[in-house]
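Asker: Structure below; questions to follow.
The values are calculated or read from the model by the stated rules, or taken from the named source; none is laboratory data. None of the values given here were measured: they were computed from a predicted structure. Here the Cβ positions follow ideal geometry from the backbone for every residue, glycine too, while neighbour counts run over all protein chains shown. These area figures cover heavy atoms from the full protein model, side chains too; ligands, DNA and RNA do not enter into them. Shrake-Rupley method; radii C 1.70, N 1.55, O 1.52, S 1.80 Å.
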Amino acid sequence: MTIVPSRRTFLGASAGVSAAALAGGGLLPGGVPAVAADPSAVPSATCTGDPAHPKRQLRGVWIASVSNINWPSAPGLSAGQQQAELIALLDAAVRMRMNAVYLQVRPAADALYASPYEPWSQYLTGQQGRDPGYDPLAFAVQEAHRRNLELHAWLNPYRVSTQPDPSKLAPTHPARVHPDWCVQYGGQLYYNPGVPEVLEFGVKVITDVASRYDVDGIHFDDYFYPYPVGTTDFPDDATFAAYGGGFATKADWRRANIDRLVSTLQSELRAVKPWVKWGISPFGIWRNAATDPLGSATNGLQSYDALSADTRGWVLKGWLDYVAPQLYWSIGFPPAAYDVLLAWWAELVAGTGTQLLIGQTVSKIGTSNPPAWLDPNEMPNHLILDRRYPEAVGDIFFNITKLLTDPLGFRTRLIDDLYAYPALVPAMARHAGPAPDRTALVAARPTSSGTVLEWLHRRPQGPEAAYYAVYRFAGLPPRQACDFADAKNLLGTVRAVPGLFNTWTDAGAVPGQAYTYYVTAVDRLHHESEPSDPQVVCGRPRLP
C-alpha cells in the first residue's frame, strides 16, 4: 500500500500533497494511521548526529595516469577499452560510497583532454600527440556526474617529462618550441618556475581546463620545485640572476615564484567559474618545530625549504579552498606521526575558511616499514582519529587500484563500517548562500524491483538542484529535524536529470515493512533544501 496523490491533484494544488497533508485524523486509505504534518527543516546547529556516520564528509580517490599507474592501465588501448576501464573505476568508487574522484589529466605537460596548448598524452596512445579518438576528460566528467561523483581535474604544474631528452617530445610540444623554459634535473625535464613565461603559460593551460570542462575542481598534488636529488641543487642560478632582483636569497625567490602561481590561480579560477574548487595536496610537513617554532613536532623533509612550497602561508592568506596534506605516516611514527600532524593541520586551518582534507596512502597498508602498517586497524584508526577534529571534513585515498585490492581488508572495512552510509559533500565557507527550493515527493510505489520514488524537478527562482538526497525511515511519521542530522537514514544521492519529474528506485526495501521517505534538493555548491513532505509505504509486494 502507498499513499500517492495523482499528478492531476498535485499540479492543481497550491502546495504539495503528501501522506502528511492528507492526514486529518483517523485512518488513511489502507488503514495507515493519519499523522500530522512533519516539520520540514534541515538540522540546526543544535542537532547532535552520530559522529561515526556524518552526513557531510568528502570521500575521494586519486586516479593517476602518469606511467599508467591507474588509468588507462596501459598505453595504446582502444577508446572503448579505456572508457570501459574508467567506468569500472567510477562504479567501484560508488560501491565504496565515495563522492569525489581526482583524475590526473595533465601528468607531464601533456593532456588527457583536447588541449589547444599541449599535446595528447603518451599514456593514452603510446605516442605523444596522437589523438585517442575521443575526449577522455569530457567522457570522465559525464560519467562521474551521472553517478553523482564530483570530478576534480588533477594537473601537474611543472613536470615536462619523466625522461630528460627534449627531442623525445612531440615536435610541437611547448618545451621544444621554448627550450629556454626548461631545465633537466634528476633524470627528468621540468618547466623552470622562475621563468615569467612559464607562470603565464601554466595559468593559461589550467584556466582553460576550468573554463571548457564542467569539472568540480582544479587540483595539484605535492610537486612544485622537484624533490631534492642528493646534494645536487636545481639548476636555476642563471634564472635567479635574471629575475631574482629584490630577493635576499634564492630560496625566498623560489617560494615567491610558487606563491605567484598559487595566488594567481586563486583569482583567475574564481573569475572563470566561481563555483570551481581550487585545492592542493601538499607534502604533509610544512616545517619542523626544530627549524621554526610554528612548525610541527616532526623531523622530516620540509616542504617550505625543500620544495619551496609555503603551504602554511597559502592557508593563512586564503589562497586555497581546501588543503589536503599527504599524511602518509602511521600513528605514533617518531619522525612524522599521523596524529601529531593531523592536530597541527587542524589548528592551522581553524577559522581560516580553508577546508581540511587528509591525503591517505593505502599503498603502505600491509608493508613492514614501519611494522605499524601490518596492523589491519592502522588505516581505520586514521579515519576514526579524524573524528576528533571538526576541521577535518574528509579524506582522499591514493590510489584507487591499490584500494581495490582490499589490502588487509581495508576496502571491506570502508564499505561495511567506516563508510557504511552515503555522505553529502561538505559545503564550503566561501560558498555561503541559499539552498534550492524544497521539492515535492509526489509518489512512492512499491514494485517487485523496489520502491519507485518520484518527485518534482523544476528550475526554481533560486539555486537549481544539481542532485537529490533520498532519506528512508523505518515506520511512520512524524520525524523531527534532528532525525536528518547524520547519515544513518540517508539512502543515497541521485543526479538531477532534465524533465518535470525525477525518479529513483529503493531496491533495498523489505517486503511488508512500513517506511517513510523524504527527498531534499541539493545545489552544485552542496546547499541542501528542507525535506519534502513524506511519503509512506508498507514495503514492496512479496514475490511468489
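Asker: Please verify whether the range 192-204 includes one or more residues that are open to solvent by 50 Å² or more (accessible area, probe 1.4 Å), part of a loop (DSSP other than H, G, I, E, B) and either under 17 Å from Ser67 (Cβ atoms) or touching a His at 6+ places or on another chain (Cβ under 8 Å) (or both). Please lay out each step first, then the result.
Answerer: In the first step, residues of the range 192-204 are kept if they are open to solvent by 50 Å² or more (accessible area, probe 1.4 Å); the result is 196-197, 200, 204.
Checking which are part of a loop (DSSP other than H, G, I, E, B) leaves us with none.
The answer is no, given that none of the residues of the range 192-204 is open to solvent by 50 Å² or more (accessible area, probe 1.4 Å), part of a loop (DSSP other than H, G, I, E, B) and either under 17 Å from Ser67 (Cβ atoms) or touching a His at 6+ places or on another chain (Cβ under 8 Å) (or both).
Asker: Can you name the residue in the range 304-347 that is part of a helix (DSSP H, G or I) and within 16 Å of Gln266 (Cα to Cα) and, of all such residues, is most open to solvent (accessible area, probe 1.4 Å)? So that I can check it myself, show each step before the final result.
Answerer: Just the residues of the range 304-347 that are part of a helix (DSSP H, G or I), to begin with: 304-306, 311-316, 338-347.
Within this subset, residues satisfying the condition of being within 16 Å of Gln266 (Cα to Cα) are 311-316.
On the way: Thr311: 1, Arg312: 55, Gly313: 8, Trp314: 2, Val315: 1, Leu316: 93 Å².
Checking each candidate, the answer is Leu316.
Asker: Here's another thing I want to ask about it. Go through (1) part of a strand (DSSP E or B); (2) open to solvent by 40 Å² or more (accessible area, probe 1.4 Å); (3) hydrophobic (A, V, I, L, M, F, W, C) for Leu408 and report which single condition fails.
Answerer: Result: Leu408 passes all but (1).
Asker: In the range 319-336, what count of residues is obtained for those that are in contact (Cβ under 8 Å) with a residue 40 or more places away in the chain and under 11 Å from Thr298 (Cβ atoms)? Don't jump to the end; show me each part of the working.
Answerer: Of all residues in the range 319-336, those in contact (Cβ under 8 Å) with a residue 40 or more places away in the chain come to 319-332, 336.
Narrowing the set further to residues that are under 11 Å from Thr298 (Cβ atoms) leaves 327, 329, 336.
Of the residues in that region, 3 qualify.
Asker: Oh, and also: Take Ser281 and tell me if it is closer than 24 Å to Met428 by Cβ, modelled with pLDDT of 95 or more, touching a strand residue (DSSP E or B) at 6+ places or on another chain (Cβ under 8 Å) and surrounded by 18 or more Cβ atoms within 10 Å (Cβ to Cβ).
Answerer: Numbers: closer than 24 Å to Met428 by Cβ: yes; modelled with pLDDT of 95 or more: yes; touching a strand residue (DSSP E or B) at 6+ places or on another chain (Cβ under 8 Å): yes; surrounded by 18 or more Cβ atoms within 10 Å (Cβ to Cβ): yes.
Considered against the rule, which asks whether it is closer than 24 Å to Met428 by Cβ, modelled with pLDDT of 95 or more, touching a strand residue (DSSP E or B) at 6+ places or on another chain (Cβ under 8 Å) and surrounded by 18 or more Cβ atoms within 10 Å (Cβ to Cβ), Ser281 comes out as yes.
Asker: Then there's this: When the range 181-191 is examined, which residues are found to be over 19 Å from Val105 (Cα atoms), among the aromatic types (Phe, Trp, Tyr) and not in a helix (DSSP H, G or I)?
Answerer: Tyr185
Asker: Additional query: Could you list all residues from the range 486-513 that are in a loop (DSSP other than H, G, I, E, B), open to solvent by 30 Å² or more (accessible area, probe 1.4 Å) and not polar (S, T, N, Q)?
Answerer: Residues of the range 486-513 that are in a loop (DSSP other than H, G, I, E, B), as a first pass: 487-489, 496-500, 507-513.
After this cut, where a residue has to be open to solvent by 30 Å² or more (accessible area, probe 1.4 Å) as well, the list is 488-489, 497-500, 507-508, 510-513.
Lys488, Val497, Pro498, Gly499, Leu500, Ala507, Gly508, Val510, Pro511, Gly512 - these are the residues of the range 486-513 that are in a loop (DSSP other than H, G, I, E, B), open to solvent by 30 Å² or more (accessible area, probe 1.4 Å) and not polar (S, T, N, Q).
Asker: Name the residues in the range 166-180 that are open to solvent by 20 Å² or more (accessible area, probe 1.4 Å) and either in a helix (DSSP H, G or I) or closer than 15 Å to Asp236 by Cβ (or both), would you? Give the derivation first.
Answerer: Our first condition is that a residue be open to solvent by 20 Å² or more (accessible area, probe 1.4 Å); within the range 166-180, this holds for 166-168, 171-172, 176-180.
Within the range 166-180, Pro166, Ser167, Lys168, Arg176, Val177, Pro179, Asp180 meet the criteria.
Asker: Restricting the search to the range 315-366, which residues are touching a helix residue (DSSP H, G or I) at 6+ places or on another chain (Cβ under 8 Å) and β-branched (Val, Ile, Thr)?
Answerer: Listed by number, the residues that qualify are Val315, Val323, Ile331, Val349, Thr352, Thr354, Ile358, Val362, Ile365.
Quick grid of which residues meet (1) part of a helix (DSSP H, G or I); (2) open to solvent by less than 20 Å² (accessible area, probe 1.4 Å); (3) within 20 Å of Lys273 (Cα to Cα):
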| site | (1), (2), (3) |
| --- | --- |
| Gln142 | yes, no, yes |
| Pro164 | no, no, no |
| Ile206 | yes, yes, yes |
| Val209 | yes, yes, yes |
| Ile218 | no, yes, yes |
| Asp222 | no, yes, no |
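Asker: Does any residue in the range 171-185 that is among the small types (Gly, Ala, Ser) come within less than 8 Å, Cβ to Cβ, of a residue that is surrounded by 17 or more Cβ atoms within 10 Å (Cβ to Cβ) and outside any helix (DSSP H, G or I) six or more places away or on a different chain, and which pairs are these?
Answerer: So the pair list comes out as Ala175/Ala109; Ala175/Val160; Ala175/Ser161; Ala175/Leu169; Ala175/Cys182; Ala175/Leu189; Ala175/Tyr191.
Asker: A further question on this structure: Among the residues of the range 350-385, which ones are under 26 Å from Lys317 (Cα atoms) and surrounded by fewer than 21 Cβ atoms within 10 Å (Cβ to Cβ)?
Answerer: The initial filter retains those residues of the range 350-385 that are under 26 Å from Lys317 (Cα atoms), namely 350-360.
Within the range 350-385, Ala350, Gly351, Thr352, Gly353 meet the criteria.
Asker: Filtering the range 494-528 down to residues that are modelled with pLDDT of 95 or more and polar (S, T, N, Q), which residue is nearest to Ala100 (Cα to Cα)?
Answerer: Applying the filter and picking the extreme gives Thr520.
Asker: Hey, another quick one. Scan the range 47-66 and tell me whether some residue there is polar (S, T, N, Q), farther than 30 Å from Arg438 by Cβ, open to solvent by 10 Å² or more (accessible area, probe 1.4 Å) and at pLDDT 95 or above. Step through it out loud before you land on a result.
Answerer: So in the range 47-66, the residues polar (S, T, N, Q) come out as 48, 57, 65.
Subsequent filtering for residues that are farther than 30 Å from Arg438 by Cβ retains 65.
Of the ones still in play, those that are also open to solvent by 10 Å² or more (accessible area, probe 1.4 Å) are none.
No, the conditions are met nowhere in the range 47-66.
Asker: Of a type outside the set (S, T, N, Q), at positive phi and at pLDDT 95 or above, is that true of Gly475? It would help to see each step written out before you state the result.
Answerer: On the way: of a type outside the set (S, T, N, Q): yes; at positive phi: yes; at pLDDT 95 or above: no.
So Gly475 fails the test.
Asker: Out of all the residues in the range 71-81, is one or more out of contact with any Cys (no Cβ under 7 Å at 6 or more places or on another chain), open to solvent by 10 Å² or more (accessible area, probe 1.4 Å) and either of a type in the set (Lys, Arg) or under 18 Å from Val215 (Cα atoms) (or both)?
Answerer: Kept after step one, since they are out of contact with any Cys (no Cβ under 7 Å at 6 or more places or on another chain), are these residues of the range 71-81: 71-81.
From the residues that got through so far, the ones that are open to solvent by 10 Å² or more (accessible area, probe 1.4 Å) too are 73-81.
If we keep only those that are either of a type in the set (Lys, Arg) or under 18 Å from Val215 (Cα atoms) (or both) too, we end up with none.
No, the conditions are met nowhere in the range 71-81.
Asker: Which condition breaks for Ala111 when tested against (1) of a type in the set (A, V, I, L, M, F, W, C); (2) open to solvent by 10 Å² or more (accessible area, probe 1.4 Å); (3) more than 19 Å from His145 (Cα to Cα)?
Answerer: (2)
Asker: If you don't mind, another one. Restricting to the range 186-196, count the residues that are in contact (Cβ under 8 Å) with a residue 60 or more places away in the chain and over 10 Å from Tyr158 (Cβ atoms).
Answerer: Step one: filter the range 186-196 for residues in contact (Cβ under 8 Å) with a residue 60 or more places away in the chain, giving 191, 193-194.
From what is left, the residues that are over 10 Å from Tyr158 (Cβ atoms) are 194.
Adding up the residues that qualify gives 1.
Asker: Does Tyr113 qualify as being of a type in the set (Phe, Trp, Tyr), assigned to a helix (DSSP H, G or I) and either touching a residue at least 60 places away in the same chain (Cβ under 8 Å) or touching a helix residue (DSSP H, G or I) at 6+ places or on another chain (Cβ under 8 Å) (or both)?
Answerer: No: the conditions fail for Tyr113.
Asker: When you check Ser296 against the structure, is it more than 23 Å from Pro193 (Cβ to Cβ), open to solvent by less than 10 Å² (accessible area, probe 1.4 Å) and at pLDDT 95 or above, yes or no? Even if it seems obvious, please write down each step before you answer.
Answerer: Values: more than 23 Å from Pro193 (Cβ to Cβ): yes; open to solvent by less than 10 Å² (accessible area, probe 1.4 Å): yes; at pLDDT 95 or above: yes.
It is true that Ser296 is more than 23 Å from Pro193 (Cβ to Cβ), open to solvent by less than 10 Å² (accessible area, probe 1.4 Å) and at pLDDT 95 or above.
Asker: Test Ile415 against the stated conditions and say whether it is assigned to a strand (DSSP E or B), under 20 Å from the mean Cα position of the chain (by Cα) and in contact (Cβ under 8 Å) with a residue 24 or more places away in the chain.
Answerer: Working: assigned to a strand (DSSP E or B): no; under 20 Å from the mean Cα position of the chain (by Cα): yes; in contact (Cβ under 8 Å) with a residue 24 or more places away in the chain: yes.
For Ile415, the condition - assigned to a strand (DSSP E or B), under 20 Å from the mean Cα position of the chain (by Cα) and in contact (Cβ under 8 Å) with a residue 24 or more places away in the chain - is not met.
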